[in-house]
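The values are calculated or read from the model by the stated rules, or taken from the named source; none is laboratory data. Everything quoted here is computed from the prediction, not taken from an experiment. Cβ sites come from the backbone with ideal geometry, for glycine too, and all protein chains shown count toward neighbours.
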């Protein structure tokens, strides 16, 4: 059952990723990215990360991507016009990327022990309790720093988008 | 019984009950609004308009399904799907009652209990914004786009106070699983005051409840926050270009959102299926007594009916009430019906509040609405969370 | 590697993460709309998140989840500021193509 869910979700993720790269219109690309995030959330659930899966949907797919879609709709971004032929990128790009992926795949296979597989339910430390304990004991300083970072980002966004009233 | 088969049967029952509830919620809204506005509402189709939802469904299904030529077809057709799917999804984690024994099969009156149940509902309701935004954008119509953008900005702005208001009672019950939240609110203080979250120490969550209700009104785009889809504002907002079944889908999504939010308020704040007072003071006989009194009132009103047909319909309603009261005396059904009665009564009270407010209050202007969310609701929800956490930390020493 | 029906080898998760990262790089280099380039960056961040969570499973510790959470938070902050910058660029140049924002070249 795990294998079937993994295969379905990974196929959806890769298909949406390819769609993101190939689509002409930004809204289609944004919705493909939402599809990728949704399938990744299911994969996190399989890996025992219940809280991270929920946070991915609530924060990433439900807030950040909505922000992207707002900006695309507000700026009325249209489909990309067909550009001049950049033959170098078209010719060498996909093979080089394929070589990159194959290298990484080889490195993974060579280094990773092949003893066990991922089974749903074998790792329970990713529940909200587990994450909460870790965040508030070991990672308290990064947590506080990250909240200051968000405050800075909010201030920056407001300053940038502010309309001067002359 | 086989887990798979049991789940399918439960899902079928819940889906059927939910869809019927949605249809009759619309009937109740029309009748209640009518009576608030001193008129009568639907009364021709069936006694007291009870078959009106059926007539509406038939009309919407048989209407010509038209796609305007200027819309972006894929997203135009996708948006109602998204809206309905993510509106109907949260009902799968809501517990309607206790563990019951139906014909030898022990099962909970809940489709599934996730141990991150509250986060699941929050996640699904954040995804519901996409239906509205895509509907507004794909219609290629400036009113729809404006309405869609406003509506989705409103929904994501009010998600914040709603999430903070949800987090406050979670500090008291210390769990995210909806079943455990309700079980944690069992018991009574002095046998009379229930240990629901709004009464529970160390800090009764009454402010969180009010904030949650206000944020829920804004999340579901209901009056007084329904500017983006009001009939006399932006034509009809994001669903201007939609007709027949797609329009029905958006309406179904709105009512399903209302039901979800009412169920969530009941579970988090009002104690779910726990009765109002202790069974040792007789709360187990309350449903039967309530239905009997309703039947007697219907009989009395049937003696001098205002309309000719009421001479028959009101006594019929009285007979139905007596049958329902009698059902509570059957011991086999008692265990199922009692928690279900209390849950339905509380959810019904919140839905009645929704409809009542729709008939009473004017609507906010858009900038007033956003100002209210960010300048008032968010700080108040934050302060409530801080006080709750402080008192819980002190009390647990 | 042993593949039963109810367990997935961990290397497959890492391979999926590598493929998604490569797709993100492809989008980043290939596309010309600023917003789509930004979305390819988000795709790369998601791929890295998957790696973190996969390794966290292998080591049976929640640290990878914490890293992933922080990556999500930083990505959200970056999206907010980045989109504000995009809005400003659009207001000043009236274009969303990265090839046309080149007045500081040579």
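Considering the range A:70-94, and only residues there that are over 23 Å from residue B:157 (Cβ atoms) and in a helix (DSSP H, G or I), the residue that is modelled with the highest pLDDT turns out to be A:94.
Residue-by-condition table, conditions (1) at pLDDT below 85; (2) part of a helix (DSSP H, G or I):
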position	(1), (2)
B:64	yes, no
B:78	no, yes
B:112	no, no
B:122	no, yes
B:126	no, yes
B:132	no, yes
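Residue count for the range A:124-140 under the criterion of being without any contact (Cβ under 8 Å) to a residue 12 or more places away in the chain and more than 7 Å from every other protein chain (Cβ to nearest Cβ): the result is 7. For the structure I just gave you, tell me whether residue B:161 is more than 12 Å from chain A (Cβ to nearest Cβ) and under 25 Å from residue B:217 (Cα atoms). For residue B:161, the condition - more than 12 Å from chain A (Cβ to nearest Cβ) and under 25 Å from residue B:217 (Cα atoms) - is met.
Scanning the range C:85-99 for residues that are in a helix (DSSP H, G or I) and more than 7 Å from chain A (Cβ to nearest Cβ) turns up C:89, C:91, C:92, C:93, C:98, C:99.
Does residue A:19 qualify as being surrounded by fewer than 23 Cβ atoms within 10 Å (Cβ to Cβ) and on the phi > 0 side of the Ramachandran plot? In short, no.
The condition of being surrounded by fewer than 18 Cβ atoms within 10 Å (Cβ to Cβ) and touching a residue at least 40 places away in the same chain (Cβ under 8 Å) holds for only one of B:155, B:245, B:162, that being B:245.
Restricted to the range A:120-134, and to residues there that are in a loop (DSSP other than H, G, I, E, B) and touching a helix residue (DSSP H, G or I) at 6+ places or on another chain (Cβ under 6 Å), the residue that is farthest from residue C:12 (Cα to Cα) is A:127. Name every residue in the range B:6-42 that is over 22 Å from the mean Cα position of the chain (by Cα) and either in a helix (DSSP H, G or I) or touching a residue at least 24 places away in the same chain (Cβ under 8 Å) (or both), in order of residue number. If the condition is that a residue be over 22 Å from the mean Cα position of the chain (by Cα) and either in a helix (DSSP H, G or I) or touching a residue at least 24 places away in the same chain (Cβ under 8 Å) (or both), then B:6, B:7, B:8, B:9, B:37 are the ones that fit. Condition check for residue B:92 on (1) farther than 25 Å from residue B:249 by Cα; (2) in contact (Cβ under 8 Å) with a residue 40 or more places away in the chain: one failure, at (1).
Put simply, of A:67, A:97, A:102 the only residue that is closer than 30 Å to residue B:137 by Cα, at pLDDT 85 or above and facing chain C (nearest Cβ under 10 Å) is A:67. Looking across the range C:30-43, the residues that are in a helix (DSSP H, G or I) and either more than 7 Å from chain A (Cβ to nearest Cβ) or buried (at least 22 other Cβ atoms within 10 Å of the Cβ) (or both) come down to C:34, C:35, C:36, C:37, C:38, C:39, C:40, C:41, C:42, C:43.
A count restricted to the range B:184-223 and to residues that are surrounded by 18 or more Cβ atoms within 10 Å (Cβ to Cβ) and over 30 Å from residue B:143 (Cα atoms) stands at 14.
Of all positions in the range A:112-120, at least one carries a residue that is over 22 Å from residue A:53 (Cα atoms), in contact with a strand residue (DSSP E or B) (Cβ under 9 Å, 6 or more places away or on another chain) and more than 7 Å from chain C (Cβ to nearest Cβ).
Could you say which residue among B:119, B:134, B:111, B:88 is facing another protein chain (nearest Cβ under 10 Å) and surrounded by fewer than 24 Cβ atoms within 10 Å (Cβ to Cβ)? When all the criteria are applied, what remains is B:119. None of B:317, B:345, B:332 is surrounded by fewer than 13 Cβ atoms within 10 Å (Cβ to Cβ) and either touching a residue at least 40 places away in the same chain (Cβ under 8 Å) or out of contact with any strand residue (DSSP E or B) (no Cβ under 8 Å at 6 or more places or on another chain) (or both) except B:332. Do we find that residue B:396 is closer than 27 Å to residue B:266 by Cα and over 25 Å from the mean Cα position of the chain (by Cα) in this structure? Against the criterion (closer than 27 Å to residue B:266 by Cα and over 25 Å from the mean Cα position of the chain (by Cα)), residue B:396 qualifies. Restricting the search to the range C:79-106, which residues are in contact (Cβ under 8 Å) with a residue 24 or more places away in the chain and under 16 Å from the mean Cα position of the chain (by Cα)? Residues satisfying the conditions are C:79, C:82, C:83. Being surrounded by 14 or more Cβ atoms within 10 Å (Cβ to Cβ), assigned to a helix (DSSP H, G or I) and touching a strand residue (DSSP E or B) at 6+ places or on another chain (Cβ under 7 Å) is a property that does not hold for residue B:373. Can you confirm whether the range B:269-279 contains a residue that is surrounded by fewer than 19 Cβ atoms within 10 Å (Cβ to Cβ) and assigned to a helix (DSSP H, G or I)? Yes, the range B:269-279 contains at least one residue that is surrounded by fewer than 19 Cβ atoms within 10 Å (Cβ to Cβ) and assigned to a helix (DSSP H, G or I).
Within the range B:293-314, the residues that satisfy the criterion of being crowded, with 18+ Cβ neighbours inside 10 Å and under 28 Å from residue B:96 (Cβ atoms) are B:295, B:298. Taking the range B:44-58 as the region of interest, how many residues are under 25 Å from the mean Cα position of the chain (by Cα) and surrounded by fewer than 18 Cβ atoms within 10 Å (Cβ to Cβ)? Here the count works out to 6.
Are any of the residues in the range B:322-336 assigned to a helix (DSSP H, G or I) and under 23 Å from residue B:264 (Cβ atoms)? The answer is yes, given that some residue of the range B:322-336 is assigned to a helix (DSSP H, G or I) and under 23 Å from residue B:264 (Cβ atoms).
Within the range C:44-79, being over 21 Å from residue A:147 (Cβ atoms), assigned to a helix (DSSP H, G or I) and at the interface with chain A (Cβ under 7 Å from one of its Cβ atoms) holds for C:46, C:50, C:53, C:54, C:57. Please verify whether residue C:82 is more than 7 Å from chain A (Cβ to nearest Cβ), more than 22 Å from residue A:157 (Cβ to Cβ) and part of a helix (DSSP H, G or I), treating the condition exactly as stated. So residue C:82 fails the test. With respect to (1) within 21 Å of the chain's Cα centre (by Cα); (2) crowded, with 20+ Cβ neighbours inside 10 Å; (3) modelled with pLDDT of 85 or more, the lone exception for residue B:226 is condition (3).
A count restricted to the range B:167-207 and to residues that are touching a strand residue (DSSP E or B) at 6+ places or on another chain (Cβ under 8 Å) and closer than 23 Å to residue A:129 by Cα stands at 2.
In the set (1) more than 24 Å from residue B:262 (Cα to Cα); (2) assigned to a loop (DSSP other than H, G, I, E, B), residue B:96 fails one condition alone, (1).
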